[in-house]
Amino acid sequence: MVAMTKKVKTFQVVLSDQCKSFYCGGDRVCGRVEVEVNEMVRVSAVKILALGCAKVEYAKGKQRCRQEAEYLRHEEVLSLSEQPTDTDGSVVLRPGNKYEYTFGFDLPQQGQLVSSYKGKFGYVQYYVKAMLERLQQPTMESKKYFEVEEPLDVNTPDLLTPTGGTKEKKVTCMFIPDGQVSLNAKIDRRGFCEGEDICINAKFENTCSRIVIPKAAIIAKQSYQANGRTKVFRQKLSSVRGNHIISGMCDAWQGKTIRVPKIKPSMLGCNMIRVEYALMIYVHIPGSEKLILELPLVIGTSGIGSRSSSVSSGVSSREGSVSTASQSWVSLRMPSDPPSYCDITKDVRLDQPLTPLLDDIECDDSPIFMEAPSFQFPQPPAYTETDGNSNANTRMLPVC
């Protein structure tokens, strides 16, 4: 953030490590305040305020719920090295020069901070605010935001333990019993990282007269607390579905996967904002409420299959496959170029009528149509003979 006026050309906060995407508890935050002026300016003081706070605000009927909490506060008065000061401590800044005020402070240790977050009804943010105080002039301010991410390791015995459950629902039609639907699901652990696949083992049984559909989804649950009230916001992040199950039949998922999307880690240490995740396995029953089983998840920053390791292994495997394919491709002895197809003059346009492919049972529109390629292309001209310098034992392999 850069502040400029008629007299002040540049006033901004710059962090030393600009490639650092986030900070953790115990890290040192270093930077500088840069000032350039168009005219001579007398500065009485340059101060910084490092602040980290959480804020929740939402409306509950006619009442406005609002609450704030502070996790970081650091104040410091900066000074220019080798810069003469007057008796009152003020400094004269002249045009043509670039002045830098350096600063540095340590973040509280791990466990005392909360990760940066921005949600629908609240946020947790950290920033460094610089204040330029001038004689008989309003104070100028400039902010620089930075991210904080508290590490959350999912390699703990509690999060590596399998979890599962069973649910069943009796279905009725006009108050008449119509059988039941049941599910039994299990996952091998509760802790995951971004980019990992969750393997689901489940069994579904349908003894009612309706056709049901099993599904699974990753759900985010955000809880906001203010003035003794709690507001919950749920959001579906990704989902998969299984096959239809007709009456009297059952179906099983053996290792069906759903990938953890790019999401923020679980936030469990803030008493105002709480972010939790769950794997929701449910069965859609026409004309009735869903049968739902929720298995809690913890999304961490590091674990068994972190995104960096999985991506690197995937890249290496792709590079290996590409190199192998390239070698096999080079090893083939190709014939000379085929003749041009520009001499083909036969008209191959479709003369056949459109053929219905699929009827959409969920709307009243006309069926979806596709073009049936019932015509035949003309035979291409023959390839030229291979070069005489090629190996006589080399043969062309058919393309499958």
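The values are calculated or read from the model by the stated rules, or taken from the named source; none is laboratory data. Predicted, not measured: the structure shown is a model, and the values here were computed from it. Glycine also receives a Cβ, built like all others from the backbone with ideal geometry; neighbour counts cover every protein chain displayed.
Of the residues making up the range 215-230, at least one is touching a His at 6+ places or on another chain (Cβ under 7 Å) and either outside any loop (DSSP other than H, G, I, E, B) or loosely packed, with under 14 Cβ neighbours inside 10 Å (or both).
Quick grid of which residues meet (1) among the hydroxyl-bearing types (S, T, Y); (2) outside the structural domain of E141 (by TED's automatic domain parsing); (3) touching a Gly at 6+ places or on another chain (Cβ under 8 Å); (4) farther than 23 Å from Y126 by Cβ:
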site: F22; (1), (2), (3), (4): no, no, no, no
site: N38; (1), (2), (3), (4): no, no, no, yes
site: L51; (1), (2), (3), (4): no, no, no, no
site: V56; (1), (2), (3), (4): no, no, yes, no
site: A69; (1), (2), (3), (4): no, no, no, no
site: V77; (1), (2), (3), (4): no, no, no, no
site: P95; (1), (2), (3), (4): no, no, no, yes
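If the condition is being more than 21 Å from P261 (Cα to Cα) and among the aromatic types (F, W, Y), then the range 163-194 contributes only F175. Against the definition (part of a loop (DSSP other than H, G, I, E, B), surrounded by fewer than 18 Cβ atoms within 10 Å (Cβ to Cβ), assigned by TED's automatic domain parsing to the domain that holds K290 and at negative phi), how does N184 come out, yes or no? So N184 does not fit the description; no.
Answer yes if at least one residue in the range 132-145 is in contact with an Asp or Glu (Cβ under 8 Å, 6 or more places away or on another chain), of a type in the set (A, V, I, L, M), over 22 Å from L297 (Cα atoms) and in a loop (DSSP other than H, G, I, E, B), and no otherwise. No. Selection over the range 195-208 of residues that are closer than 15 Å to T257 by Cβ and in contact with a Ser or Thr (Cβ under 9 Å, 6 or more places away or on another chain) gives a count of 6.
Can you spot a residue in the range 192-205 that is assigned to a strand (DSSP E or B) and free of Cβ contacts under 8 Å to residues at least 12 places away in the same chain? The answer is no; no qualifying residue exists. Restricting attention to the range 148-181 and to residues that are of a type in the set (D, E, K, R) and outside any loop (DSSP other than H, G, I, E, B), the residue that is nearest to the chain's Cα centre (by Cα) turns out to be D153. Given the criteria outside any strand (DSSP E or B), under 39 Å from the mean Cα position of the chain (by Cα) and of a type in the set (D, E, K, R), does K20 qualify? So K20 fits the description; yes. Taken as a whole, the condition of being among the aromatic types (F, W, Y), over 19 Å from N271 (Cα atoms) and touching a residue at least 60 places away in the same chain (Cβ under 8 Å) applies to Y23. Number of residues in the range 171-187 that are farther than 16 Å from L293 by Cβ and of a type in the set (D, E, K, R): the value is 1.
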